[in-house]
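A quick write-up on the structure given underneath.
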Amino acid sequence: MNFNRLNRTLTASLVALSLSACTSGDDTGDSATEGDTSSTSNTGSTSTSTSTTGASNSESEGTMSGTMSGTATMGTTDSTESDSDSTTTGVDTDPTTTTTTTTTTTTGDAECGNGIQEPGEECDDGNLDPDDGCEPDCTVTPSLCGNGEVDPGEQCDDGNTMGGDGCSATCKKEGSGTCPQPDDYISCDGGNSPTWSQAFGLGCSQDQANAVVITDAALTSASTTAWKVAKGFGSYHINNDPNMPLLYSPQEGESFLMVSTGDITPPNGQGIVIEAAGSQEAGGDNGNDDSDNLPAPMSHLKGSNNGGGGTPFMNCDGVNDCSDTLYDNWNLGSGDPNDKLTFTFKAMVPEGAQSYTFSFAYFSSEWPDWVDTTYNDLFISWQVSEAYTGNVTFIGDAPLTVTALDPYLSTDGYTYDEPQLKGTGFDGDGFFNLGNAGSDWFAANQNVMPGEVLHMTFMIADMGDEVLNTLTIVDGFRWKCEACIPADDPKCTGEVPDPNCCGVIEPQ
């Protein structure tokens, strides 16, 4: 035996087996092997050689086997490049040819909610919240202008589709918004049948540049005679000159709203209400609500100091009367309102507006006999606003009643047989031979928050009984571009208050 030849043969076989074992194991490097692997067996010699060439690109698993025989045997492995996992499988042990093939599986489907916008997705904000513009299936929610949320494609969304308030009807920014000036407003209370809200100067268009835009307007009165839209009241002309307008003429447009705890005579052919002398003393129950409560959202409880009271207009609780003016007068009237009439509306405050104003005149047959008594008829204007919630028509520390107005009526108002009351029914001695009184036109001012929805509610009621009428005229609700001055400011507490003070401003 040729031991040298046997030794070389054994050595070559061990090398071949060793290389075969290495190439059949798992390659767990960072990339896969791309290339050709050849194994050759030669007859007439027991030597076996293996050659491997290639570049490392992705992870692969391979199995290679070679068969030593008297004929040449070659095994070839083809690797396919893929972005996903590649698995090399299949060993053919045919005595003449061994072939290895490659299978590729793709697992790169889009995953909605991972924060990466992948092919097939319209959006991906990293969550599956359906309320933020990107739906759980990663499609975009269509924009809905006016829903109060800035959707994709919108520059703004103030919760409405009106222009002139800083955000257009298509939710595009309009700059700083507008504040209508007096000459900008249009009137719509002419003709034969304007609504009560139009007579008050409201709702003439849906454009904030020329109108007070309102919603949810309602007047509640079982009696059809407790309110009227009129073009004048009484028969006295300014300066007692028949060529001048009536003292109680509209402050804007052609009409105003009248509300009463009694009954109002229908307007004449000229649209003017003229009452018989002293007739308002005789009024009784007009059929309106007598329940012992205030209409929502009004409250007689003190709302300043976070509901504790004592700091009027400061630290409002947002629910009760931050003026603190209603509590004592409600109790003075024994909490017993009768013949109640209410009207209410909501208004969109322009971005440029800081406050509002309206005009009114007040008449009562309760004066002077029932001043400081239970029969203290109330007229309340109430607002709900981010700026202030509570009674608006207050004089000093009292709401609008004959008691609060007594100092004014006794000096500057119109009383008894004064000619200014002619034709109002609050003139002369009536059925009970009592006094009567009326005011000139007052103004009421209060602040608001630009861009908010203001909620206004008005009520008139007999207090403590159902007789002796009280009547109020209201007109000319308008936005103001400047804020009103706090009622406790020295400009408002002096003998001649600034006309822009908050609350009721007496005529000068």
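Taking the radius of gyration and the Kirkwood hydrodynamic radius from Cα positions alone, what is the Rg/Rh ratio for region 265-322, to two decimal places?
Result: Rg/Rh = 1.30.
Taking all protein chains in place and a 1.4 Å probe, what share, in percent, of the accessible surface of region 396-508 do carbon and sulfur account for? Kindly include the intermediate steps, with their values, before the conclusion.
Values: 2180 of 4150 Å².
Using a 1.4 Å probe with all protein chains present, region 396-508 comes out at 52 percent carbon and sulfur.
Compute the normalised compactness of region 226-351: alpha-carbon radius of gyration over 2.2 N^0.38 Å, N being the residue count.
1.39
What does the extension gain come out to for residue 141 and residue 116, with contour length at 0.36 nm per residue minus their alpha carbon separation?
Contour length minus the Cα-Cα distance gives 7.2 nm.
Heavy-atom accessible area per residue, region 422-495, 1.4 Å probe: how many Å²?
Per residue, region 422-495 has 33 Å² of solvent-accessible surface.
Could you quote the convex hull projected area for region 356-467, Cα atoms only and averaged over all directions, in nm²? Before the final figure, lay out each step's value.
Values: hull surface 30.3 nm².
Its Cα hull, projected and averaged over all orientations, spans 7.6 nm².
Of all alpha-carbon pairs in region 372-427, indicate the percentage at a distance above 17 angstrom. Mind showing how you got there, number by number?
Working: 814 of 1540 pairs.
Summing the P(r) of region 372-427 above 17 Å gives 53 percent of all pairs.
Only loop residues by DSSP count here, and only those with at most 11 other Cβ atoms within 10 Å; note down the chymotrypsin sites (Phe, Trp or Tyr not before Pro) in region 345-388 that meet that.
Sparse-neighbourhood loop chymotrypsin sites (Phe, Trp or Tyr not before Pro): none present.
Assuming 0.36 nm per residue, please report the length gained on full extension of the stretch residue 265 to residue 311 beyond their Cα-Cα distance.
12.2 nm
Once phi is turned into ³J(HN,Hα) by the Karplus curve 6.51 cos²θ - 1.76 cosθ + 1.60 with θ = phi - 60°, what whole-Hz value does each residue of region 213-218 show in order, with x for glycine and proline?
7, 10, 9, 6, 6, 7
Give 228/340; 231/340; 302/346 a once-over and call out the pairs whose C-alpha atoms are over 26 Å from each other.
Distance filter (> 26 Å) returns an empty set.
Working only with C-alpha atoms, what are the Rg and Dmax values of region 449-508, expressed in angstrom?
Reported Rg and Dmax, both Å: 15.6, 43.
The values are calculated or read from the model by the stated rules, or taken from the named source; none is laboratory data. What you see is a predicted model, and the numbers here were worked out from it, not measured in a lab. As a convention, Cβ positions derive from the backbone with ideal geometry for all residues, glycine included, and neighbour counts pool all protein chains shown. Accessible surface areas use protein heavy atoms only, side chains included; no ligands, DNA or RNA. Shrake-Rupley method; radii C 1.70, N 1.55, O 1.52, S 1.80 Å.
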